[in-house]
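First comes the structure, then the notes that go with it.
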Amino acid sequence: MGDFKMPSLGADMEHGKMVEWLIKPGDYVHRGDVVAVVDTDKTVMDVESFEEGVVAELLVDVGTTVPIGTPLARITRTPDDGAGQAGGRPAGPHAKPASGAAETAVAAAAAEPAGAAAAAAAVQVPPPVRHLAHQLGVDTAGIRGTGRHGAVTRADVEHAAAARPGPAAPAAPAATPAPMPHGARVRSSPRARRLADQLGVDIGGVPGTGPDGAVTEADVQRAVSGHTAAAPAEEALPEEATVPGAEALPPKEAPPSEAQDRLSSLRRAIGSLMTRSKKSIPHYYVSTTLDLRAAIAWMQQVNEQRPVASRLVPSALLLKATALAAKEVPEVNGFFTDGVFRPSSSVHLGVAVALRHGGLVAPAIHDADTLAVDVLMQQLRDLVSRARAGRLQRAEMADPTLTVTNLGDLGVEAVYGVIYPPQVAMVGLGKLVEQPWAHDGMLGVRPAVTATLSADHRVSDGLRGGRFLARIDELLQKPEEL
Amino acid sequence: MNEQDARQAVQTAISQVAPDVDFDGLDEGSRLRQDLELDSLDFLRLVESINEATGVDIPERDYTAVATVKGMIDYLAARG
């Protein structure tokens, strides 16, 4: 029981902007359910609830920026009678179809005679319900309200959407009953949502042409510029043509400056965090050359027998070896807070991901030391693609215990990273190069990578740091055991 | 597959991985990794998209042959 608050999504975060609510008053949320989408200066993230109970009230509107710790929603153990139309609904998110019917029955029992209800319906549409109707493309004027004093409820809108005749359904997947708390959500990319937000367009009113009717950036731009002819889904959604606001609103800002704004806020966030790091952490640096002959030969042999989708890249092996070594040398893995180092018993490996428009984020692969290389590879692919799409989860941003930057993938031979506080180390991996290699008095050529450790002198010395890098190299000599 | 189809397939796949690439002014001699800034994961996704769209599987040993946009188009045109 209690408030759902704006969480801290990283050491450098001071405030967050509510981008989207995935819950509504009356929903039952479990601990861990994703309930909202929050924009930090760095990226857009899904945020889960730490509370379990019924949503009594949403305290922050979409578009509002608030400091960490600000209550965002009131969550109670029992439904609150005063919480509005849907307040009396003990609906679990996994029981939605059934509970929707139950709600209607209960609401109908309390309703006034039908004539009065119909007359009142035109005015009795609470804003959240109106928003839902808008998202689903349902006209509330045509709905008979079954709520108190004839008010239109969410269930009424959902029924109306479900009962709507065929053609509209494919283009409005949100209208199909989905056993999820965010069943009524419009499918759209985060970039499309951001653009819509900037341009003042209600994304619920934009016909989507993406996969499964998802709204794309181009759809949003079309909605603004009025170039609707190019949208193939347009004919399927006649009622969308009457959506108010799409063309009436002039763009507040052109898209390029939106991207610029994001980049400069990301730049500022990185700048302030790195300044803090360099001011407070006494860095030292050690580096070694990793012999990748065995690892690359093993990887090529494995990849030879695999379809593209399950092929490995060298990064997966390097990350796994790094995670295992961090488990053995705890001085590089953990947090330094309030003057004390607290080693972490788990290795959550942060992976620095360069974003295509500039800037970077470093979300975590959880328990990387325990994952099979194949699993780690899949998680790496998933994490990088979501990081670039601006769709990360709270925990991924908040809790890496050690970060790896693999800048070498794009060309440099060595990377001397700056530690992300409150972490105490950063591993830099350079590019894979063929190097002349002396071994047993003979000269040969081997693939190699320069690994650099930036570490916190308050916690470890060069000797331990060097041991950590040497372990990575040792582990890579037996890739089949990683 | 003729060259035009191959070019189309390569452009479609690249725009999935790197939506910001502008093909109008693109020199086909551009290197995918260095010039278009695809990292190893991007490149893997590109190879995967091309495989799904055209059925052509590019094994790892041929990666050097498909390092440029033109190289990728020629590779597909010869095998698709």
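Couple of notes before you dig in:
- When segment A:1-56 is filtered for residues that are open to solvent by less than 10 Å² (accessible area, probe 1.4 Å), among the β-branched types (Val, Ile, Thr) and not in a loop (DSSP other than H, G, I, E, B), the ones remaining, listed by number, are A:VAL29, A:VAL35, A:VAL37, A:VAL38, A:VAL44, A:VAL47, A:VAL54, A:VAL55.
- Hey, B:ILE73 within 19 Å of A:VAL308 (Cα to Cα), open to solvent by less than 10 Å² (accessible area, probe 1.4 Å) and away from chain A (no Cβ under 13 Å) or not: yes
- When segment B:19-68 is filtered for residues that are surrounded by 13 or more Cβ atoms within 10 Å (Cβ to Cβ), of a type in the set (Asp, Glu) and at the interface with chain A (Cβ under 7 Å from one of its Cβ atoms), the ones remaining, listed by number, are B:GLU37, B:ASP39, B:GLU48, B:ASP57, B:GLU60.
- Looking only at segment B:10-25, residues that are within 13 Å of the chain's Cα centre (by Cα) and not in a helix (DSSP H, G or I) come to 3 in all.
- Qualifying residue in segment A:431-443 (condition: touching an Asp or Glu at 6+ places or on another chain (Cβ under 8 Å) and either crowded, with 19+ Cβ neighbours inside 10 Å or within 12 Å of chain B (Cβ to nearest Cβ) (or both)): yes
- Those residues of segment A:285-310 which are charged (D, E, K, R), assigned to a helix (DSSP H, G or I) and within 14 Å of chain B (Cβ to nearest Cβ), in sequence order: A:GLU304
- Test for B:LEU46: is it modelled with pLDDT under 90 and not acidic (Asp, Glu): no
- Scanning segment A:379-419 for residues that are open to solvent by 10 Å² or more (accessible area, probe 1.4 Å), in contact (Cβ under 8 Å) with a residue 60 or more places away in the chain and within 14 Å of chain B (Cβ to nearest Cβ) gives A:ALA389, A:ASN406, A:ASP409.
- For the condition touching a Leu at 6+ places or on another chain (Cβ under 9 Å), part of a helix (DSSP H, G or I) and open to solvent by 20 Å² or more (accessible area, probe 1.4 Å), B:ARG7 qualifies.
- Scope segment A:318-369; condition of a type in the set (Lys, Arg), farther than 17 Å from A:VAL44 by Cα and either within 14 Å of chain B (Cβ to nearest Cβ) or in contact with a helix residue (DSSP H, G or I) (Cβ under 9 Å, 6 or more places away or on another chain) (or both); matching residues: A:LYS320, A:LYS327
The values are calculated or read from the model by the stated rules, or taken from the named source; none is laboratory data. Since the structure is predicted, the reported quantities are computational estimates derived from the model, not experimental observations. Glycine gets a Cβ as well: all are built from the backbone with ideal geometry, and neighbour counts include every protein chain shown. Side chains are part of the model used for accessible areas, which takes the heavy atoms of the whole protein and leaves out ligands, DNA and RNA. Shrake-Rupley method; radii C 1.70, N 1.55, O 1.52, S 1.80 Å.
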